[in-house]
Amino acid sequence: MVARFIGAPRGLAGAPASYGQGATAAAASEWRAMERPKIRPLQATPFKVDGQTYVELSDPQGISDKSVRLSYPYYHIATLLDGTNTIREVQEIYMRRTYQLVDSREIEKLVSTLDECLLLESERWTAHLERLEEEFRRLPRREAQHAGRGYPDRPEELGPWLESFFTHADG
């Protein structure tokens, strides 16, 4: 899993001070196609580093193996990416709520990074999902996705486990 820090202080385990690092020019231009960016349903996991609160956004569906670690202010901004607001509107809403002005270019970089990590509903995410589905359809044999996690992965353990569902507790 690849994680990026956004809004992290310098010196935090090698985390960049800005999330713009690593964003490609192609990704930066693609966000412009998203007039009203919409974040996908994600898992938000808060954590603290040196007394600072951060939130890691990751994909509970496993479509993307990337995650983004946001400082709390950037997490607040990310929650405004609901598909109804433009970048400018996100900037205005954030300013009204916090009395802090965030440069629209910073919001654009956030959108670009989220898109690059496949955490936005976008053309990039849709194309990735379609590729995954096509690869899955082409498989001659489909691997068990939850073996070893949701049920035993070894056949000699799986048989008795399945039979236990059809056996009364008293025999």
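For the stretch 49-126, just say rounded, prolate or oblate: build the C-alpha gyration tensor, square-root its eigenvalues into a ≥ b ≥ c, call rounded for a/c under 1.5, and beyond that prolate if a/b exceeds b/c, oblate if not.
The shape class here is oblate.
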(request) Using Cα centres only, tell me the gap between the stretch 47-64 and the stretch 78-128 in whole Å. (result) 17 Å
(message) What are the extents of the Cα atoms of the stretch 67-171 along their three principal axes, in Å, largest first?
(response) 67, 39, 22
(message) At 1.4 Å probe size, with the rest of the protein present, what percent of the exposed accessible area of the stretch 106-171 is carbon and sulfur atoms?
(response) 53 percent
(request) Give the accessible surface of the stretch 110-171 per residue, rounded to a whole number of Å², with probe radius 1.4 Å and ligands, DNA and RNA excluded. (result) 77 Å²
(request) Report P(r) for the stretch 81-135: all Cα-Cα distances, bin width 10 Å, range 0 to the bin holding the largest distance, values in whole percent. (result) 23, 42, 23, 10, 2
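The values are calculated or read from the model by the stated rules, or taken from the named source; none is laboratory data. Just so it is clear, the model here is predicted, and its values are computed rather than measured. Calculation scope for accessible area: heavy atoms of the full protein, side chains included, ligands and nucleic acids excluded. Shrake-Rupley method; radii C 1.70, N 1.55, O 1.52, S 1.80 Å.
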